[in-house]
1. Considering Cα pairs under 8 angstrom that are at least six residues apart, work out the relative contact order of segment B:148-265 and quote it in whole percent.
2. Using only DSSP helix segments of four residues or longer, with each worth -39500 (n - 2.57), what per-residue ellipticity at 222 nm results for chain B after dividing by its residue count and rounding to 500?
3. Let me have the relative contact order for segment B:1-70, percent, based on Cα pairs under 8 Å that are six or more residues apart.
4. Per-residue Cβ counts within 10 Å, from other chains only, averaged over A:205-216: what number is that?
5. Which of A:Leu155, A:Leu93, B:Leu227 comes first, and how do the rest follow, when ranked by fewest Cβ neighbours within 10 Å?
6. Starting from the Cα of B:Lys256, draw a straight line to each of the aspartates and glutamates and keep only those under 13 Å, dropping any in the same chain fewer than 8 residues away.
7. What average number of partner chain Cβ atoms lie no more than 10 Å from the Cβ of the residues making up B:283-290?
8. Considering every residue in B:27-36, what mean count of other chain Cβ atoms within 10 Å of its Cβ is obtained?
Amino acid sequence: MRRTWPAHVTLIAGALVMLAPFVWQLIVSLQTLSDSLRVPPVLVPSWRWENFADVFKTVPLGRQFLNTVVVTVAITAGQLLLCSLAAFAFARLRFPGRGAIFMVFLAVLMVPQELFLLPRYEIMQGLGWLNTLQALIAPGLFGAFGTFLLRQFFLTLPTELDEAARLDGANPLQIYWHVMLPLVKPGLLALGLLSVMWSWSSLLWPLVVNTDPEQMTLAAGLASLRGQFQTNFPILFAGSIVASLPVIVLFVIMQRQLIAGIAFTGTKG
Amino acid sequence: MKSRERLWGYALIAPMALGLAVFYVWPIAQTLYLSFTESGVFGGQTWVGLDNYTALAADEEMTGALGNTLLYAALMLAGVPLSIVVAALLNVRGLRGLGFYRTIYFLPVVTMPAAVGLTWRYLYNGDFGPINQLLAAVGIDGPYWVADPDVAIYALALVGVWSSIGYNAVLFLAGLQGIPRHYYEAAEIDGAGRLRQFFRITLPLLTPTTFFVIVITMINALQVFDLVYLIFDLKSPALPGARTIVYFFFEQGFLKNQRGYAAAIAVVLLGLILVLTAIQFRLQKRWVHYA
């Protein structure tokens with residue numbers, strides 16, 4: 001029997017370093033402003049729950065929370081549908097130009113997002129969509145990564161499945177919906193979780209396209225909160241916790257599926 | 001039958017292909033074009049040839065940002081071995097509480113970078129920040145982490161490493177679990193100790209994963225923005241030491257409205273990423289073992 005305690009000791013030491021910033025944030029979020037700035041530090045919260053109420057009063061945090069939910073849900077739903085449709089076609093249907101078009105998709109995957117931002121801004125300006133939620137949603141609906149990820153899942157399914165369904169007279173759309181989609185659920189789940197994580201936290205695009213606090217998502221809202229409150233960390237941290245808690249909770253619940261998805265991108269990506 | 005399948009194929013990829021064309025492919029072309037232009041006083045763009053690029057080459061803020069970004073990327077790569085260690089520990093046979101540890105190490109990955117940035121801004125504060133108070137307790141006079149341009153990028157990289165250990169460890173753990181047990185059993189019969197097994201079996205067989213992690217760590221590090229934006233103020237005295245390429249792009253393109261100049265910065269970033277990735281792929285032949 002091998003001893004595992006040396007591993008435990010090291011892992012626990014590391015875990016403390018990983019957790020410390022969160023614990024500190026939690027404590028400070030419940031402190032008074034003066035306690036949070038004291039030297040030596042005050043290690044106990046003064047249970048000032050009003051910080052959480054204050055942050056909702058001073059910025060439209062509730063509104064921003066709702067915006068983030070709407071944007072995240074719309075993007076994730078769009079990604080799941082559009083990526084799976086394209087991935088199914090790339091993996092299971094034959095048509096001229098398939099390889100070439102797929103190469104374009106892969107090339108897009110290599111390009112950093114900064115190359116897209118200025119023209120996208122102009123598009124949104126042209127449409128009169130600046131400071132609207134659809135400006136945040138529209139570009140996020142499309143993704144080469146999701147198409148690539150789901151294609152890998154569709155490729156693993158046996159060809160007999162399509163053939164049998166085809167003999168029964170099903171068209172490709174029916175095969176996609178009734179036969180294939182249920183079989184790639186782990187892939188859809190992985191993409192869905194990654195998409196939620198990314199769109200919930202994304203900062204740069206929301207920051208440039210929506211400057212009206214009422215139309216901001218939480219990430220951009222936190223940035224503007226920083227501008228307003230400078231070193232009022234109890235308020236800033238209360239806002240931070242409200243903003244990041246939903247994804248943390250989702251992760252704790254769906255941990256296995258998210259980890260499996262990420263590990264999959266490492267082995268097959 | 002065959003032509004039917006073709007039509008279906010085009011129909012099913014059409015929505016995604018159109019979206020990618022509008023929001024990805026066209027913007028790339030447009031950004032390239034913009035990089036050769038200058039914004040007019042009354043709007044519109046005038047063609048200026050290579051002026052933006054020659055101006056960038058002489059711009060100290062750009063060379064500074066380039067240096068900061070490369071140093072940040074190098075520091076992030078230096079942090080990769082930490083994830084291998086964590087993954088190897090999580091992979092110890094018979095270890096209990098794997099899920100518990102994984103949750104904790106993964107927490108920073110799922111936390112919004114904006115929130116992470118704010119937290120570290122407090123921890124790093126030179127006067128009341130816990131880090132310096134901890135250092136003071138053991139007699140060290142800590143620096144002004146986020147106000148001193150000489151320290152800023154290291155402070156940033158520390159947060160970067162802290163928030164990516166869990167992600168990389170998950171990838172490494174998957175790689176470790178893919179190594180067949182019988183290699184270790186054979187080594188044990190030959191009398192190889194645990195450490196020897198780690199260097200002779202684990203590390204070589206893990207190299208495909210290591211390569212993947214190195215490439216994505218590098219690409220992500222070259223594009224760091226969120227943490228810089230939240231940890232440092234727009235007017236922070238440390239900004240010359242913390243300004244990254246994407247931060248500079250954001251300043252020029254969206255705060256100063258220098259569209260052409262910003263486009264040129266983005267194109268330089270693309271070039272940098274492509275060149276460094278190509279070098280990585282060239283080098284991999286020397287050290288990556290594909291089973």
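1. Here the relative contact order equals 33 percent.
2. It lands at -22000 deg cm²/dmol.
3. With pairs under 8 Å counted, the relative contact order is 15 percent.
4. 1
5. The fewest-first ordering by Cβ neighbours comes to A:Leu155, A:Leu93, B:Leu227.
6. B:Glu38
7. 0
8. Per-residue shielding by partner chains comes out at 4.
Read-outs throughout are calculated quantities, based only on the coordinates presented, and are distinct from any laboratory measurement. Because the structure is a prediction, the values reported are computed rather than measured. We place every Cβ from the backbone using ideal geometry, glycine too, and count neighbours over all the protein chains shown.
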